[in-house]
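First comes the structure, then the notes that go with it.
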């Protein structure tokens, strides 16, 4: 079914989300993503991505008729604008170097029509990193995680094994600790790790991370 996205500006009151999703259900739409934005200085907004065979103009018109809806506008989906996401986390120096490689490589593929975005978060501490790794699978459109640091193990390793079991691919820098043993791929050079991360998710690349699983470079 065709994919669509809308951004609704709404009143801050109960029942708004129910009203919008009720309209989508009436049009046999399959909701694929929902986000609620609550700015401090203006009305809340609800962003929805969905697939339906019905005409988007009809769906939007019915949404605008819901009580409490101030405006509804079709918009390009996050997948079309930002595309696939790569998350890089760990020590600040290593994260920066991985990001350098990933951003440079993503630019090459995005020029050819891809949409790949790179997100980073410098973090220290076993529990902080383990919690962040587990939370990655809750984020939309994430295709791959890069762990960049000099020492990672313990509960971080457990978290890596958990997210890999859920289908997330993980690249690790060659570091001390047990995380490299749990990752899909281990790369010594941080810039090269960023390049390989983008190549692994790009449709315009020939690199297959599955064929490289458990190898070290």
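Quick note: the coordinates plus some simple rules give every number you see, no bench work behind them. Please read all numbers here as calculations on a predicted model, not as lab measurements. Counting neighbours? That spans all protein chains shown, and the Cβs are built from the backbone with ideal geometry, glycine included.
Set the Förster distance to 35 Å, then compute FRET efficiency between residue 208 and residue 155 from the Cβ-Cβ distance, nearest 0.05. Write down the numbers at each step before the final one.
On the way: r = 30 Å, r/R0 = 0.86.
Once the sixth-power term is evaluated, E becomes 0.70.
For the chain, find the longest principal axis of its Cα atoms and tell me its angle to the long axis of helix 190-201, 0 to 90°, nearest 10. The answer is roughly 50 degrees. Taking the Cα centre of each part, how many Å lie between the stretch 5-26 and the stretch 139-183? A separation of 37 Å, based on Cα centres. What FRET efficiency would be calculated for the residue pair residue 47, residue 181, taking the C-beta separation as r and a Förster radius of 25 Å, to the nearest 0.05? For residue 47 and residue 181, the calculated efficiency is 0.05. By the Stokes-Einstein formula, at 1.002 mPa s and 20 °C, the stretch 3-77 with its Kirkwood radius over alpha-carbon pairs has D equal to 176 µm²/s.
How do 114-123, 21-30 rank on mean C-beta neighbours within 10 Å, highest first?
Numbers: 114-123: 18.1, 21-30: 15.4.
Those peptides, ordered most packed to least, come out 114-123, 21-30.
In this calculation the C-beta distance from residue 119 to residue 191 is compared with R0 = 25 Å, giving a FRET efficiency of 0.90. Overall shape of the stretch 107-201 was characterised from the C-alpha gyration tensor. The equivalent ellipsoid obtained from it has semi-axes of 22, 15, 11 Å, in decreasing order. With respect to the chain, whose longest principal axis is taken over its alpha-carbon atoms, helix 126-136 is tilted by about 50°.
Any chance you could give the angle, 0 to 90 degrees and rounded to 10, that helix 16-26 forms with the longest Cα principal axis of the chain? Relative to the chain, helix 16-26 is tipped by roughly 80 degrees. Taking 16 Å as the cut-off, the amide N atoms of the stretch 186-217 that come nearer than this to a point 7 Å along the Cα-to-beta-carbon line of residue 104 belong to 188-199. Return the inverse of the average 1/r over all pairs of distinct C-alpha atoms in the chain, which is the Kirkwood hydrodynamic radius, in Å to one decimal. The answer is 19.0 Å.
Computed over the chain, the per-residue total of -39500 (n - 2.57) for DSSP H runs of n ≥ 4 gives a 222 nm mean residue ellipticity of -11000 deg cm²/dmol, rounded to 500. All alpha carbon pair distances within the stretch 54-174 were sorted into 10 Å bins beginning at 0; the resulting P(r) in whole percents reads 12, 35, 24, 16, 12, 2.
Of all the options 189, 155, 43, the one that moves most in a Gaussian network model of the chain with Cα springs shorter than 10 angstrom is 43.
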